[in-house]
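A quick write-up on the structure given underneath.
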Amino acid sequence: MKSVLIIGLGRFGQHLCQKMAEMGNEIMVVDEVEECVEAVMPIVTSAKIADCTNPEVLKSLGVSNFDVCFVCIGTNFQSSLEVTSLLKECGAKYVVSKATRDIQAKFLLRNGADEVVYPDRDIAEKAAVRFSASHIYDYIEVNHGFSIFEIPVHRDWVGKSIKDVNFRAKYKASILGYKIGENTQLMPMADHVFRAEEHLMVIGKVEDIEELLKTFEHEKTKRKW
């Protein structure tokens with residue numbers, strides 16, 4: 001459990017607040033709009049209606065006591081920049097600021113942000129990857145170049161073990177786990193036998209996973225003939 005300060009309760013701020021609350025964190029929220037603050041009151045530890053570009057407001061919050069401070073101001077970049085800088089001046093331990101463009105990220109990082117997130121871009125990229133292929137159920141970027149894909153079991157693997165398929169050597173990827181319905185099993189042994197109904201969680205370089213996914217398309221083409 002962490003102590004979290006969320007400044008700005010637009011769509012991203014509210015979704016962040018809800019998820020943080022579900023995960024058991026202690027949350028304080030601040031926004032200038034009373035209706036936005038009232039909307040999350042049942043799930044937060046404390047709340048304040050105020051303008052955080054005012055240094056006295058941030059000082060009154062005791063920002064140094066929070067493990068993470070999120071700046072989720074979306075409509076006024078100047079305010080986001082000011083609040084990010086003021087948080088660091090007031091002793092914030094770790095500041096995460098929202099950006100919509102790379103140029104914004106550069107300014108935020110120069111003015112005190114420890115990390116910058118691009119919620120709209122990240123969602124768009126994830127959707128593009130997922131829906132560009134017919135065999136991806138989910139997709140998570142781990143870091144630049146490496147991602148986790150949730151994919152089906154190839155028809156040729158059914159009834160064979162991970163070792164039989166020689167999965168890691170052949171596809172340059174590793175199986176982190178598999179799912180059947182709502183049940184998930186992590187780190188399967190090499191003698192695990194693939195079943196048609198499984199979804200595999202596979203990690204590797206994006207280009208290697210893309211090559212793996214092409215084998216599904218080849219199989220579909222062969223079946224047509």
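Read the figures in this text as sums done on the coordinates, not as results from a lab. Owing to the predicted nature of the structure, the values given are computational and were not obtained by experimental measurement. Here the Cβ is made from the backbone with ideal geometry for all residues, glycine too, and neighbour counts use every protein chain on show.
Brief remarks on what is shown
- Distance from region 12-75 to region 90-105 (C-alpha centre basis), Å: 15 Å
- In percent, rounded to a whole number, the relative contact order of region 104-203 is 25, using alpha-carbon pairs under 8 Å and six or more apart.
- Calculated FRET value between Asn143 and Val33, using beta carbons and R₀ = 45 Å, to 0.05: 0.80
- Contact order, relative form, for the chain: 13 percent (alpha carbon pairs under 8 Å, 6 or more residues apart, mean separation divided by residue count).
- In region 129-214, trypsin sites (Lys or Arg not before Pro) in a DSSP loop with at most 14 other beta-carbon atoms within 10 Å: Lys172, Arg195
- Helix-derived mean residue ellipticity, 222 nm - over the chain, DSSP H n ≥ 4, -39500 (n - 2.57), to 500: -11500 deg cm²/dmol
- With N counted as the residues of the chain, its alpha-carbon radius of gyration over 2.2 N^0.38 Å works out to 1.31.
- Cα gyration tensor category, rounded, prolate or oblate, for region 1-131 with a/c compared to 1.5: oblate
- Leu186-Ile43 pseudo-label distance in nm [points 7 Å out on the Cα-to-Cβ vector]: 2.4 nm
- Residues whose amide H lies under 5 Å from that of Tyr94, counting only those 5 or more places away or on a different chain, are Cys69; hydrogens are built 1.01 Å from N in the peptide plane.
- Distance histogram for region 122-224 (every C-alpha pair counted, 10 angstrom bins, percent rounded to whole numbers): 14, 51, 31, 4
- Gaussian network model of the chain, Cα within-10 Å springs - most flexible of His199, His15, His144: His144
- Between Met1 and Asn54, full extension at 0.36 nm per residue minus the direct alpha carbon distance yields a gain of 16.2 nm.
- Antiparallel bridge percentage (DSSP; both residues within the chain; nearest 5): 55 percent
- Taking packing as the residue-averaged number of other Cβ atoms within 10 angstrom, the listed peptides 34-46, 180-192 run from highest to lowest as 34-46, 180-192.
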